[in-house]
Amino acid sequence: QVCVVETESHKVVVRMNDKDTFSSFVKEKWCIEQAAAVGIPGPEVLSIGIVDETAYMIQTFIHGDNGLDSTVPKSEVWRQLGEYAKLIHSIQVKGFGGNLIDPVHGEFQSPSHAGSDGSWHGYVQYNINSLTEHDRLIKLGVITQMESQRVRKLFENLKKETFRFGLNHGDISLKNTMVNQANQVILLDWGNAEVSVVPHVAVTQLMQYQILGLEEGPNIEEFKAFLDGYGIREQELDDMRHLLLLRAFDNLRWAIDQSPDLIEPYAAFAKQVVDMILD
């Protein structure tokens with residue numbers, strides 16, 4: 001539930017969910033404050049808490065147009081988002097994953113599960129170990145037995161690389177922005193924030209939007225504007241695509257285990273990424 005609450009002198013946004021999601025509000029508040037400290041405009045979090053069975057977050061109301069509706073050229077919005085992504089990646093964090101376990105030290109964690117200890121190397125190794133001859137991805141038509149061997153080599157190479165880890169917003173998109181009267185882009189919704197490989201994860205998320213043809217994602221020109229704002233050269237994108245494949249496979253395996261209704265769309269996307277990378 002998201003409500004706008006207005007009094008004579010104030011206008012605020014109240015977000016509510018069941019109490020189990022309170023940790024997500026703690027994470028969002030922390031991320032918004034850290035982002036503000038490095039110069040990224042966003043709402044101010046006035047309060048978070050739990051009342052009865054409901055977790056809540058109260059934020060200042062942001063005036064302006066949603067990024068999808070703004071008359072400011074979209075490429076200019078994306079250029080600003082590229083600048084913001086670079087600033088976000090400079091925030092001091094520790095660990096790997098989407099759960100903020102220590103706000104004082106900015107430490108994040110990924111929950112462990114069968115086959116992975118929750119670390120980056122555990123995450124990669126789990127996806128390598130899953131590439132067997134009885135792999136469900138082969139039965140789903142995502143990869144052939146021969147392609148599975150090629151993917152294994154790509155993932156083995158990822159294990160050998162030295163990556164930089166940083167904070168990621170997790171859903172940089174037009175729908176999560178407001179543009180005010182000064183044409184300043186304001187970034188919203190840190191619910192998907194995570195510590196992972198930078199800048200790869202932010203860039204591959206935009207690649208995913210492009211492949212899926214989502215309106216909130218960038219077109220080719222806007223994607224270039226984002227890269228330009230961040231300072232990434234197009235030659236650097238090849239290595240990042242291998243990470244896109246890893247995430248596509250990992251998300252599909254999650255759907256197979258936890259959310260059967262998502263298997264079909266996740267498998268279709270993973271197949272598109274396979275065709276793009278292994279061609």
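Across region 187-192, computed HN-Hα scalar couplings (Karplus, 6.51 cos²θ - 1.76 cosθ + 1.60, θ = phi - 60°) run 9, 10, 6, 9, x, 9 Hz from first to last residue, x flagging Gly and Pro. Ordering 273, 41, 208 by Cα displacement along the dipole of the chain toward the positive end leaves 273 in first place; charges were set at the Cβ atoms of Lys, Arg (+1) and Asp, Glu (-1). The dipole here belongs to the chain: it is taken about the Cα centre, uses +1 on the Cβ of Lys and Arg and -1 on the Cβ of Asp and Glu, and is about 700 debye.
For region 163-171, the Karplus equation 6.51 cos²θ - 1.76 cosθ + 1.60, evaluated at θ = phi - 60°, returns couplings of 9, 9, 10, x, 6, 10, 4, x, 7 Hz by residue, with Gly and Pro reported as x. Kirkwood hydrodynamic radius of region 169-216, from the reciprocal of the average inverse Cα-Cα distance over all distinct pairs: 11.8 Å.
Once the GluC sites (Glu not before Pro) in DSSP loops with at most 14 neighbouring Cβ atoms within 10 Å are cut out of the chain, the longest remaining piece is 54-132. Summing Cβ point charges (Lys, Arg +1; Asp, Glu -1) relative to the Cα centre of region 1-129 gives a dipole of roughly 400 debye.
Would you mind checking the pairs 94/160; 29/160; 19/86 and listing those with alpha carbons more than 25 angstrom apart? As for pairs spanning more than 25 Å Cα to Cα, those are 29/160; 19/86. Of the trypsin sites (Lys or Arg not before Pro) found in region 182-252, those that fall in a DSSP loop while having at most 14 other beta-carbon atoms within 10 Å are 233.
Converting the Cα gyration tensor eigenvalues of the chain into ellipsoid dimensions via √(5λ) gives semi-axes, longest first, of 33, 23, 18 Å. In this structure the amide hydrogen of residue 95, modeled in the peptide plane, comes within under 5 Å of the amide hydrogens of 108, none closer than 5 places in sequence on its chain. Applying both filters, DSSP loop and at most 15 other Cβ atoms within 10 Å, to the trypsin sites (Lys or Arg not before Pro) of region 67-128 eliminates every site.
Placing a pseudo-label 7 Å from each Cα along the Cα-to-Cβ vector at residue 157 and residue 234 gives an inter-label distance of 2.1 nm.
Residue separation of residue 18 and residue 164 scaled by 0.36 nm, minus their Cα-Cα distance, works out to 49.1 nm of gained length.
Each value in this text was obtained by applying a stated rule to the coordinates, not by laboratory testing. On a predicted model such as this, the values are computed, not experimentally measured, just so you know. Positions of Cβ are backbone-derived with ideal geometry, glycine not excepted, and every protein chain shown enters the neighbour counts.
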